[in-house]
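The values are calculated or read from the model by the stated rules, or taken from the named source; none is laboratory data. Quick caveat: nothing in here was measured; it's all calculated off a predicted structure. Using ideal geometry, Cβ is built from the backbone for each residue, glycine included, and neighbour counts are taken over all protein chains shown. The protein model used for the area step is the full one, side chains on, heavy atoms only, and it has no ligands, DNA or RNA in it. Shrake-Rupley method; radii C 1.70, N 1.55, O 1.52, S 1.80 Å.
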Amino acid sequence: MSIHATHLNVRPVRAFADNYIWLIESPRTPTQVVAVDPGEADPVLAELKRQDRSLAAILLTHHHPDHIGGVPELLQHWKVPVIGPDDSRIALKTHTLRDGERCEMPDLGLEFETLHVPGHTVSHIALFGHGALFCGDTLFSAGCGRMFEGTPEQMSASLNRLAELPPETQVFCGHEYTAANLRFALTVEPNNIAAQEYQESVQRIRGAGDPSLPSTLSMEIRVNPFLRCDKPNVRAVAEARAGKSLAEPSEVFAVLRAWKDTFR
Ligand SMILES: [Zn+2]
């Protein structure tokens, strides 16, 4: 089975103010779903009931409460595997995924590749398979996660690894931050036509109350300033902001990330 072969049926479940919990339907047994980063249980339980589906597994990208908080209650309803990164802060995990390891769920017809992507947290992982990337709080559409536990070099390297996946990859992020991220992206690159067009389309989609996600990697490579730190115009803006020359893309990244932390 090729992990590039098919596209998945993935449904968003909204949680808290702007989180998405992604429900992946089993291509083999469509009544079974896998929940990615269930920060709370109630909206997942409601959606499963509405769709008459049952939970088959839980995948976790990192230990933050808004990504794992619903696990104990979900386990009261379904005794399922809890699969996540090597991190003792995830108490109920049953299976650990390390960089390069495969997450194989043959009964469900699902298989993902694990990428260790430190930066937002030290142990954060992303899962890639079936043309889909579940990247938690590492890559957002038109933005990236804050660096709570990593260095700019780590975060920048993690984002670059994700950017090397096939361009048609669908990107399922942990939060609906796209509109706010695009305001920052267009401050960095006011003349980026792809970002201007994307902003218009996102405003339409969000105005209708729909999720802006999934995005695609090809879109992110065109609009996301954090994936464009090697571009001369992005470097020039970062250098002006820093008041010094920046030799490495990771230094450009560090300036952009610090700028975004205080951007309103
Ligand atoms: Zn997080």
Give region 197-244 a look and list any residue that's among the basic types (Lys, Arg) and within 21 Å of Leu256 (Cβ to Cβ), or say none. Arg222, Arg228, Lys231, Arg235, Arg241, Lys244
For region 132-172, which residues satisfy the criterion of being more than 15 Å from the ligand (Cβ to nearest atom), open to solvent by 10 Å² or more (accessible area, probe 1.4 Å) and within 25 Å of Val202 (Cα to Cα)? Asn160, Ala163, Glu164, Leu165, Pro166, Pro167, Glu168, Gln170
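Please work out if Arg161 is touching a Leu at 6+ places or on another chain (Cβ under 7 Å) and of a type in the set (Lys, Arg).
yes
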Pick out the one residue from Glu104, Glu113 that is part of a strand (DSSP E or B), surrounded by 14 or more Cβ atoms within 10 Å (Cβ to Cβ) and touching a strand residue (DSSP E or B) at 6+ places or on another chain (Cβ under 9 Å). Glu113
Which fully enclosed strands (runs of 3 or more DSSP E) of region 1-95 have 3 or more residues being open to solvent by 20 Å² or more (accessible area, probe 1.4 Å)? 10-15
Let me spell it out: the conditions are (1) more than 16 Å from the ligand (Cβ to nearest atom); (2) open to solvent by 50 Å² or more (accessible area, probe 1.4 Å); (3) of a type in the set (Ser, Thr, Tyr), and Tyr177 meets all of them except one. Which number is the exception? (1)
